[in-house]
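Here's the structure we're looking at; comments come further down.
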Amino acid sequence: MAHGHDVLHMMEGNSYKSKEELVKAIIENFGVEERFNTCSVEGMDATELVDFLTERGKFMPAEEGFTVDSSKICNH
């Protein structure tokens, strides 16, 4: 099981035009069967993780879409 931090770090330096594009990138990097955990939730698929991270304000607008807000990645 991968951690949500792994996805946030994967996003650094990249921007995504849509939620769907980000989900596709996560699946390409981690595999379709991968499940993700965070500090408070376990067992999410890529779509559920993106929704979870969106709700927690982990993304910020970018020139063409959005990217990770690196200041909101906890490092523990």
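Just so you know, all these numbers are worked out from the coordinates, no wet-lab data involved. Just so you know, these numbers come straight off a predicted model, no measurement behind them. Methodologically, a virtual Cβ is constructed for each residue, glycine included, from the backbone with ideal geometry; neighbour enumeration extends over all protein chains shown.
Filtering the stretch 59-76 to residues that are touching a Gly at 6+ places or on another chain (Cβ under 8 Å) and closer than 16 Å to HIS3 by Cβ leaves only LYS72.
For THR47, the conditions (1) polar (S, T, N, Q); (2) in contact with a Gly (Cβ under 7 Å, 6 or more places away or on another chain); (3) surrounded by 14 or more Cβ atoms within 10 Å (Cβ to Cβ) all hold with the exception of (2).
Out of GLU42, GLU21, GLU28, one residue alone is over 22 Å from ALA62 (Cβ atoms), of a type outside the set (Phe, Trp, Tyr) and without any contact (Cβ under 8 Å) to a residue 60 or more places away in the chain. It is GLU42.
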